[in-house]
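Visitor: There's a structure below that I have some questions on.
The values are calculated or read from the model by the stated rules, or taken from the named source; none is laboratory data. Model, not experiment: these values are computed from the prediction. When we count neighbours, we look across all protein chains shown, and the Cβ atoms used for this are built from the backbone with ideal geometry, even at glycine. The protein model used for the area step is the full one, side chains on, heavy atoms only, and it has no ligands, DNA or RNA in it. Shrake-Rupley method; radii C 1.70, N 1.55, O 1.52, S 1.80 Å.
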Amino acid sequence: MAAVDVFEEEPVLGGRHPLLSMDNVICAPHLGYVEHDGLEHMFTGIFDQLLAYASGKPINVANPEALKR
Amino acid sequence: MNITILDDYQDTIRTLACYSRVAGHTVTIWNDHTKDVDTLAGRLKDTEALVLIRERTPIRAPLLERLDKLRLISQAGVYPHVDVEACTRRGVVVSSQTGPGRPSYATAELTWGLVIAAFRRIPQEMAALKAGKWQAYPIGIGLRGKTLGVYGYGKIGAVVAGYGRAFGMNVLAWGREHSVTQARQDGVTVAASKDALFAESDVVSLHLRLIDATRGIVTAADLGRMKPTALIVNTSRAGLLGPGALEAALRAGRPGMAAVDVFEEEPVLGGRHPLLSMDNVICAPHLGYVEHDGLEHMFTGIFDQLLAYANMCSRPRCAPGDREWPPSTFSRRSRCSAADILC
């Protein structure tokens, strides 16, 4: 058996993936992190980063070199 | 001995290891279901030992009166579907292992599967994916930090409460005196009242036996107290709710979701049940106890009961033609027809 939440190419549309037609496989559309409280938390952070940048003090910067340009 | 097993929908029993225990007997297995007395009387006319899978088929007097060869019913669990008095009158022995034993982990696990499936809309999303769509439903809800209400803190309820704790949920329990006492002993918070359990829980899971005192115990008012985001899970018995009460409550928006493994009339065939067409309800075909290890355990006991009955009759003091058998074992004496058949 297999249970699969992730695919090589996402999204899978039109039901076009060989695993979807196998009776011993169950497939979900990458629902792992797709959950209300998790997204609330995630987007709180994402919007805070955005507001921080807008106020001139960027946070969580992955590429500080970009700030010098 | 002619043994008949009814309602083996998935043709599982012959695949169990314990099936070898009845290898020396003639076993007939039916995979379909009927409650029709004429049909059953025909199927069972030569049956000496009838094996039942839980409560799938009612065995009442009108049927029993037509089963002249029947000597033993061997099954497991409670037997509201068997007319035991009629069996006694006819000298049919009813063997059923009940009482304290291990919890049905199978049912507890199925319950938890349904909780997660419903909250994350897994069955709906899986069907949508096959139908060509990607993340087609409103976002799912996680369990951590939510409140699980266990109504009926018995063997299964206690296991489910443990799963709730493992998932970081706040667990509330409610039920009769025994439930409340056991929950306190296990350190589980007891709800302030039944009303509070329904009002405060994000998931209400029912783990009550269906007896006269619990029939319809979950009322329309109870359901109406639930949050619009809450889920009710029933892996116990449909009769705990009044007829149509759940459908009406869901249409009214409280609770918002339901996960159901049990129906008033089973099996549900032809997709004919109103819950099956509701998008906020997930339904399973009474899979709770339907699980390999549990059935292996159950049928080991069922076959042992059957062999014990057969062996009792092969003891020297039970001679062919004896009319009283075995006098010391039953409070009411049975015809020794068993001896005629088995010795």
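Visitor: So A:F43 passes all but one of these: (1) closer than 26 Å to B:G142 by Cα; (2) in a loop (DSSP other than H, G, I, E, B); (3) of a type outside the set (S, T, N, Q). Which condition number does it fail?
Guide: (2)
Visitor: For residues that are outside any loop (DSSP other than H, G, I, E, B) and more than 7 Å from chain B (Cβ to nearest Cβ), scanning just the range A:14-29, find the one that is least open to solvent (accessible area, probe 1.4 Å).
Guide: Pass one, the range A:14-29, residues outside any loop (DSSP other than H, G, I, E, B): A:18-21, A:25-27.
When the remaining residues are screened for being more than 7 Å from chain B (Cβ to nearest Cβ), the result is A:18-19, A:21, A:25.
Values: A:P18: 95, A:L19: 48, A:S21: 101, A:V25: 13 Å².
If we take residues in the range A:14-29 being outside any loop (DSSP other than H, G, I, E, B) and more than 7 Å from chain B (Cβ to nearest Cβ), then A:V25 is least open to solvent (accessible area, probe 1.4 Å).
Visitor: For B:L210, indicate whether it is of a type in the set (A, V, I, L, M), in contact (Cβ under 8 Å) with a residue 24 or more places away in the chain, in contact with a Leu (Cβ under 7 Å, 6 or more places away or on another chain) and open to solvent by 20 Å² or more (accessible area, probe 1.4 Å).
Guide: yes
Visitor: Can I ask one more? Hey, any hits in the range B:100-120 for a residue that's farther than 27 Å from B:A166 by Cα and either open to solvent by 30 Å² or more (accessible area, probe 1.4 Å) or within 14 Å of chain A (Cβ to nearest Cβ) (or both)?
Guide: Checking the range B:100-120: not a single residue is farther than 27 Å from B:A166 by Cα and either open to solvent by 30 Å² or more (accessible area, probe 1.4 Å) or within 14 Å of chain A (Cβ to nearest Cβ) (or both).
Visitor: In the set B:G157, B:G140, which member is within 12 Å of chain A (Cβ to nearest Cβ) and over 25 Å from A:M22 (Cα atoms)?
Guide: Exactly one of B:G157, B:G140 is within 12 Å of chain A (Cβ to nearest Cβ) and over 25 Å from A:M22 (Cα atoms), namely B:G140.
Visitor: Could you list, in sequence order, all residues of the range A:46-69 that are on the phi > 0 side of the Ramachandran plot and not in a loop (DSSP other than H, G, I, E, B)?
Guide: none
Visitor: Can you name the residue in the range A:30-51 that is within 14 Å of chain B (Cβ to nearest Cβ) and open to solvent by less than 70 Å² (accessible area, probe 1.4 Å) and, of all such residues, is farthest from the chain's Cα centre (by Cα)?
Guide: So, considering only residues that are within 14 Å of chain B (Cβ to nearest Cβ) and open to solvent by less than 70 Å² (accessible area, probe 1.4 Å), the one farthest from the chain's Cα centre (by Cα) is A:D37.
Visitor: A further question follows. Every residue in the range B:153-187 that is free of Cβ contacts under 8 Å to residues at least 40 places away in the same chain and open to solvent by less than 10 Å² (accessible area, probe 1.4 Å), please.
Guide: B:A161, B:G164, B:A173, B:A183
Visitor: Going by the conditions given, is B:Q124 touching a residue at least 60 places away in the same chain (Cβ under 8 Å) and of a type in the set (S, T, N, Q)?
Guide: yes
Visitor: Can you tell me which residue within the range B:277-288, out of those that are in contact (Cβ under 8 Å) with a residue 40 or more places away in the chain and crowded, with 20+ Cβ neighbours inside 10 Å, is nearest to B:D8 (Cα to Cα)?
Guide: Of everything passing the filter in the range B:277-288, B:G288 is nearest to B:D8 (Cα to Cα).
Visitor: Select, from A:A54, A:A66, A:A2, the only residue that is within 14 Å of chain B (Cβ to nearest Cβ), surrounded by fewer than 10 Cβ atoms within 10 Å (Cβ to Cβ) and over 15 Å from the mean Cα position of the chain (by Cα).
Guide: Exactly one of A:A54, A:A66, A:A2 is within 14 Å of chain B (Cβ to nearest Cβ), surrounded by fewer than 10 Cβ atoms within 10 Å (Cβ to Cβ) and over 15 Å from the mean Cα position of the chain (by Cα), namely A:A2.
Visitor: Looking only at the range B:144-182, filter to residues that are within 11 Å of B:L206 (Cα to Cα) and among the β-branched types (V, I, T); which one of those is nearest to the chain's Cα centre (by Cα)?
Guide: Once the filter is applied, the top-ranked residue is B:I156.
Visitor: Conditions first: (1) loosely packed, with under 14 Cβ neighbours inside 10 Å; (2) under 30 Å from B:P123 (Cα atoms). B:R54 passes all but one, so which condition is the exception?
Guide: (1)
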